[in-house]
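S.K.: Before I ask anything, let me first share the structure, which is written out below as C-alpha cells.
The values are calculated or read from the model by the stated rules, or taken from the named source; none is laboratory data. What you are looking at is a predicted structure, and each value in this text was computed from that prediction instead of being measured. Glycine gets a Cβ as well: all are built from the backbone with ideal geometry, and neighbour counts include every protein chain shown. These accessible areas exclude ligands, DNA and RNA; they are computed on the full protein's heavy atoms, side chains included. Shrake-Rupley method; radii C 1.70, N 1.55, O 1.52, S 1.80 Å.
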Amino acid sequence: MTLSLELPVIETKQETPDVKSIKLSFNNQRLDYKPGQYMMIEFDVIDEENGSTRPLSIASSPTEDFLLFSTKISQSLFKQRFNSLKAGDKVKLKGPMGIFTLKEDAKEAVLLGGGIGITPFRDMVKYCCDKKLKIKLTLLYSNRTPADIVYKDEWAVFEEENPNLKVVHTITESTAGWLGRTGRVNEAMIKEFCSDLDNSLFYICGPPGMVEGLSNLLKTMNVPQSNVKIEKFAGY
Ligand SMILES: Cc1cc2nc3c(=O)[nH]c(=O)nc-3n(C[C@H](O)[C@H](O)[C@H](O)COP(=O)(O)OP(=O)(O)OC[C@H]3O[C@@H](n4cnc5c(N)ncnc54)[C@H](O)[C@@H]3O)c2cc1C
C-alpha cells in the first residue's frame, strides 16, 4: 500500500566525498516494504525543470528500525536541500514503490552495483543477514576509487554475519595502495563467482549506461533474460 508520510531526520552522515545519507525515524508509523523498493521524496524547493521530488531507493532493511536514504550530492536544488538536512527536520515521502525486489526463495543471486547504485543492495544484503536467508548471495560492487565505496565499513560486518554472502569490490581508476580487484565487472568476474549462470538471479543497479552495459553482457553470456532484474538510476 502506498503511504504519504512525514518523518523526522535522526542522523545525517557523509558516506564518501560526494555521497550523503539521512536516517529517518518511523515515529511509531508502520511502513511495509520489500527489500529493493524506493520512495518518492519531496522537498519544498521550486525546480521548474526537474521538479521537487526524486525517487530514492530505501537503503535500510525492513528489519531495521529506521529508514536510510543515500544520494550523490549535485548542484540541483533537491540535492542541495538534502545536503542541508539536519536532525529534527521533517521529510515528506510517498511509497513504497517498485518491483526491483529480492526474491526470498532464490537459491543464488548476483547483485551488480555501481557507485550510488548500491542503495537497494544494502537493503537486500542486510535483510538476508537479519533473516538468515539461505540465498547464496554475491555482490560485485564497482567504484571509480576506493574512496567512493558507500557503506564502506559495513560490508565486512555483513560478510561475517552471513556465511552465504560474498562481497567483491572492484575499482576502475588506478589508485595507489589499492590491493583489491581492478577494472569493470566483466564476464570472467561473473563466471568466477556465479556457479550456475542458468539458474541464478541477477540484479543490476546504477547509472543507465552501466545498467545497459551489464545487461547486454549477461545477454551475450546467454543468461536467461527472465532472471535479470534492472533498476536504472535515471538522472545520472
Ligand atoms: C527507482 C529509482 C531509484 C533511485 N534511487 C536513488 C538512490 O537511492 N540514490 C540516488 O542518489 N539516486 C537515486 N535515483 C536517481 C535520483 O532519483 C535522481 O534522478 C538523481 O539522483 C539525479 O538527481 P539530481 O537532483 O542530482 O539531478 P536532476 O536535477 O534530476 O537532473 C540531472 C539531469 O538528468 C536529467 N534527468 C532527470 N531525471 C531523468 C529521467 N527520469 N530520465 C532522463 N533524464 C533525467 C535531467 O533533465 C538533468 O539533465 C533513483 C532513480 C530511480 C528511477
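S.K.: Which aspartates and glutamates, if any, have their Cα less than 20 Å from the Cα of LYS131, not counting same-chain residues under 8 positions apart?
M.R.: ASP32, GLU64, ASP65, GLU104, ASP105, GLU108, ASP123, GLU154, GLU159, GLU160, GLU161
S.K.: List the pair-distance distribution P(r) of segment 161-216, using every Cα-Cα distance, as the percent of pairs falling in each 5 Å bin from 0 up to the bin containing the longest distance, rounded to whole percents.
M.R.: Reading the bins upward from 0: 4, 13, 21, 25, 21, 11, 4, 0.
S.K.: Let me ask another. LYS136: which lysines have alpha carbons under 27 Å from its alpha carbon, excluding same-chain residues fewer than 8 sequence positions away?
M.R.: Qualifying lysines at Cα under 27 Å: LYS34, LYS103, LYS107, LYS126, LYS152, LYS166, LYS191, LYS219, LYS229, LYS232.
S.K.: A follow-up question, please. Could you work out how far the C-alpha centroid of segment 162-218 sits from that of segment 42-114, in angstrom?
M.R.: 23 Å
S.K.: Tell me the label-point distance for the pair ASP47, ARG144, using the 7 Å Cα-to-Cβ offset, in nm and rounded to one decimal.
M.R.: Distance between the two pseudo-spin positions: 1.9 nm.
S.K.: Here is a follow-up. For the chain, give me the percentage of DSSP beta bridges that are antiparallel, rounded to the nearest 5 percent.
M.R.: Details: 28 of 54 bridges.
The antiparallel proportion sits near 50 percent.
S.K.: Hey, can you list the DSSP H helices of the chain whose Cα span along the axis is 27 Å or longer and whose average Kyte-Doolittle score is at least -1.0?
M.R.: Counting only whole DSSP H runs, no helix qualifies.
S.K.: Here is a follow-up. Rounded to the nearest 0.05, what FRET efficiency is calculated for MET1 and ARG181 with R0 set to 25 Å and r the Cβ-Cβ distance?
M.R.: 0.05
S.K.: Over the chain, what is the mean sequence separation of C-alpha contacts under 8 Å (at least six apart), divided by residue count, expressed as relative contact order in percent?
M.R.: Values: 487 pairs, mean separation 43.8, N = 236.
About 19 percent, as a whole number.
S.K.: Keeping all protein chains in place and using 1.4 angstrom, which order do ARG184, ARG54, ARG81, ARG144 fall into by accessible surface area, from largest down? Mind dumping the intermediate values first?
M.R.: Working: ARG184 190, ARG54 40, ARG81 65, ARG144 135 Å².
Largest to smallest exposure gives the sequence ARG184, ARG144, ARG81, ARG54.
S.K.: Of ASP44, ASP130, ASP32, which has the most accessible area with a 1.4 Å probe, and how do the rest follow in descending order? List each step's numbers first, then the result.
M.R.: Details: ASP44 135, ASP130 60, ASP32 100 Å².
Solvent-accessible surface, decreasing: ASP44, ASP32, ASP130.
S.K.: Would you mind calculating the gained length between LYS13 and ALA87 on full extension (0.36 nm times residue separation, minus the Cα-Cα distance), in nm to one decimal? If you can, show how the numbers build up before the last one.
M.R.: Numbers: separation 74, 0.36 × 74 = 26.64 nm, distance 1.07 nm.
Extra length from LYS13 to ALA87 when fully extended: 25.6 nm.
S.K.: Another question, if that's okay. Run the accessible area of the chain with a 1.4 Å probe and give the carbon-and-sulfur part as a rounded percent.
M.R.: Carbon and sulfur together cover 48 percent of it.
S.K.: Rounded to the nearest whole Å², what accessible area per residue is found for segment 122-236 with the 1.4 Å probe? Don't skip to the answer; put the middle values down first.
M.R.: Values: 5870 Å² over 115 residues.
That works out to 51 Å² for each residue.
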